[in-house]
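Everything below concerns the one structure shown next.
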Amino acid sequence: MLPMLRNTKKALISSCSLLLFSGLSLADDYSDARVDLFAAYQAQDFPAMVVAAEKGLDARPGYPGAMFNLAYAKTLNGDHEDALDILQYLVAQGVDYNVADVDELAALQELPEWQAYAGAIAELNKPVGEASVEFRFGAGDFVPEGIVVDGDSVIISSIRHGYIERLGPQPETLSEPATAGHWSVFGMRMGPDGGLWYTSAAVPQFANVNEVSQGLTGLFRLDLESGETTVREVLPKQDAEMVLGDLIFADENTIYATESLTGALYRYSVADNELTQVIAPGQLRSMQGLVLDASGDYLYISDYVGGLFRIRLDDYAVERVIAAENINLFGVDGLYRYGNTLIATQNGIRPARVVAFKLGDDGVSVSSAKVLASNLPEFDEPTLGEIVGDEFLFIANSHWNRFDANNELPPDLDGPIVMRIQL
């Protein structure tokens, strides 16, 4: 889950008053178009804004942030009907940008079609699905990310303080930065060897980050019997900050891990204790969750600002997963497989949701999508999860969206909530 310093995961929902949506720091046609868009806005050159927004959408076809930018620019340029058409297209995909509260888009409310759009937004924001609360933890500033199911307990990880906690009949702190030498803890997986493997990074939201550690990231293994950290493989520090986000075992000797800020993919050999980059930055933009297909020959990866992709593991060729126009594949964080269906936590669009994407027979298309849960009272940016049998357990309230510009959290947040959905 990650681009940006302010909120390392959220690329689709911006806090700037202009609501111009940013992407990654890597230079590309989209970021260039965004620079032009902002310059045109400052100059109040609205026709130039439209041109820049169209270039941004050409660079990232279907990207909701780019589509909203175009609707925004068209509104300022007086093309109100076109702008509302774009917003209606987005709401048909289940995407809400809270347009009614944006003063510069108020003119759209005068259109005859506005009431139908407002009704669709109201319908979109109603609770959907059923999920039961399985575990609660009391620390409101924990900011949970990863989760592993271990028998009748779950293990969760903290972004804010870097703790790894077991919840259940015998709760305990399993690891902390002071003893393990890690920072914010992101994805976690139980290894075939019985160890708890996890990724960690010194991000600005980590309470004890400093100039020396910020930007460091690595792969770790916790021995659950001894409590010792037996693997600490840290990537060399680069000019650009990096975050190893999620991970998965391809076999007992091979781990794949996504690097969320540059779009690189890493492979770790357990036997050789070697972390190798297998996909260089730039081909994808913001890798998040990953899961193997049934054959083990392919890896599905969610790209926060790019959609879903399938990677062939024998040569690391990348294929885009396509979907019908009414299915939005952007903003996916956690990604899991249930038979021929991908279960995803989709928190990069609003409202956040747990969704099931049914794969086509070709493996590179989504034939249908179903929202399993959305707008539930416990939700506050759901994040990672795990499938156990016919159930999906997931973090319901990561609070990633609650960090302010100084990476501080408000008081009185609820502690981590783990929920369960029947699949």
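The values are calculated or read from the model by the stated rules, or taken from the named source; none is laboratory data. Everything numeric in this text was worked out from a predicted model, so none of it was measured. Cβ coordinates were reconstructed from backbone atoms using ideal geometry, including for glycine residues, and neighbour counts include every protein chain displayed.
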How about region 368-390: which of its residues are in contact (Cβ under 8 Å) with a residue 12 or more places away in the chain and either of a type in the set (Gly, Ala, Ser) or farther than 17 Å from GLN422 by Cβ (or both)?
SER368, ALA369, ALA373, SER374, ASN375, PRO377, PHE379, ASP380, GLU381, THR383, LEU384, GLY385
Restricting the first residue to region 55-67 and requiring it to be free of Cβ contacts under 8 Å to residues at least 60 places away in the same chain and not assigned by TED's automatic domain parsing to the domain that holds ALA40, which pairs with a second residue that is in a helix (DSSP H, G or I) and surrounded by 18 or more Cβ atoms within 10 Å (Cβ to Cβ) meet a Cβ separation below 8 Å and a spacing of at least six or different chains?
none
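Can you confirm whether ALA178 is in a loop (DSSP other than H, G, I, E, B) and aliphatic (A, V, I, L, M)?
Details: in a loop (DSSP other than H, G, I, E, B): no; aliphatic (A, V, I, L, M): yes.
Criteria not met by ALA178.
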In region 239-285, what count of residues is obtained for those that are within 24 Å of GLY306 (Cα to Cα) and of a type outside the set (A, V, I, L, M, F, W, C)?
18
I need a count of the residues in region 165-191 that are touching a residue at least 24 places away in the same chain (Cβ under 8 Å) and charged (D, E, K, R).
2
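Only one of these is modelled with pLDDT of 95 or more, among the charged types (D, E, K, R), in contact with a strand residue (DSSP E or B) (Cβ under 9 Å, 6 or more places away or on another chain) and not in a strand (DSSP E or B): ARG189, ARG160. Name it.
Details: ARG189 fails: not in a strand (DSSP E or B).
After ruling out the rest, the residue left standing is ARG160.
Take ARG337 and decide whether it is basic (Lys, Arg), surrounded by fewer than 21 Cβ atoms within 10 Å (Cβ to Cβ), at pLDDT 95 or above and over 24 Å from PRO236 (Cβ atoms).
Spelling it out, ARG337 is indeed basic (Lys, Arg), surrounded by fewer than 21 Cβ atoms within 10 Å (Cβ to Cβ), at pLDDT 95 or above and over 24 Å from PRO236 (Cβ atoms).
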On the given criteria, is ALA240 surrounded by fewer than 24 Cβ atoms within 10 Å (Cβ to Cβ), within 22 Å of the chain's Cα centre (by Cα), more than 19 Å from MET188 (Cα to Cα) and not acidic (Asp, Glu)?
yes
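Conditions tested, residue by residue: (1) of a type in the set (Val, Ile, Thr); (2) under 25 Å from ILE301 (Cα atoms); (3) touching a residue at least 24 places away in the same chain (Cβ under 8 Å).
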position: ASP193; (1), (2), (3): no, yes, yes
position: LEU216; (1), (2), (3): no, yes, yes
position: LEU224; (1), (2), (3): no, no, yes
position: ARG232; (1), (2), (3): no, yes, yes
position: GLU241; (1), (2), (3): no, yes, yes
position: ALA250; (1), (2), (3): no, yes, yes
position: THR254; (1), (2), (3): yes, yes, no
position: LEU261; (1), (2), (3): no, yes, yes
position: SER269; (1), (2), (3): no, yes, no
Looking only at residues that are under 13 Å from TYR256 (Cα atoms) and without any contact (Cβ under 8 Å) to a residue 24 or more places away in the chain in region 275-290, which one is surrounded by the most Cβ atoms within 10 Å (Cβ to Cβ)?
GLN277
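Each row is one residue, and each column tells you yes or no for (1) hydrophobic (A, V, I, L, M, F, W, C); (2) buried (at least 16 other Cβ atoms within 10 Å of the Cβ); (3) assigned by TED's automatic domain parsing to the domain that holds PHE206.
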| site | (1), (2), (3) |
| --- | --- |
| ASP96 | no, yes, no |
| ALA106 | yes, no, no |
| TYR117 | no, yes, no |
| PRO144 | no, yes, yes |
| ILE147 | yes, yes, yes |
| VAL154 | yes, yes, yes |
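Taking the options ASP293, ASP246, ASP303, name whichever one is closer than 24 Å to ASN328 by Cβ, under 23 Å from the mean Cα position of the chain (by Cα), surrounded by fewer than 23 Cβ atoms within 10 Å (Cβ to Cβ) and in contact (Cβ under 8 Å) with a residue 24 or more places away in the chain. Give the derivation first.
On the way: ASP246 fails: surrounded by fewer than 23 Cβ atoms within 10 Å (Cβ to Cβ); ASP303 fails: surrounded by fewer than 23 Cβ atoms within 10 Å (Cβ to Cβ).
The unique qualifying residue is ASP293.
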Only unsatisfied item for TRP197, checking (1) surrounded by fewer than 16 Cβ atoms within 10 Å (Cβ to Cβ); (2) under 22 Å from the mean Cα position of the chain (by Cα), is (1)
Those residues that are under 22 Å from the mean Cα position of the chain (by Cα) and not in a loop (DSSP other than H, G, I, E, B), I need them from region 123-132; list them, please.
LEU124, VAL128
For region 380-410, how many residues are within 14 Å of ARG160 (Cβ to Cβ) and hydrophobic (A, V, I, L, M, F, W, C)?
4
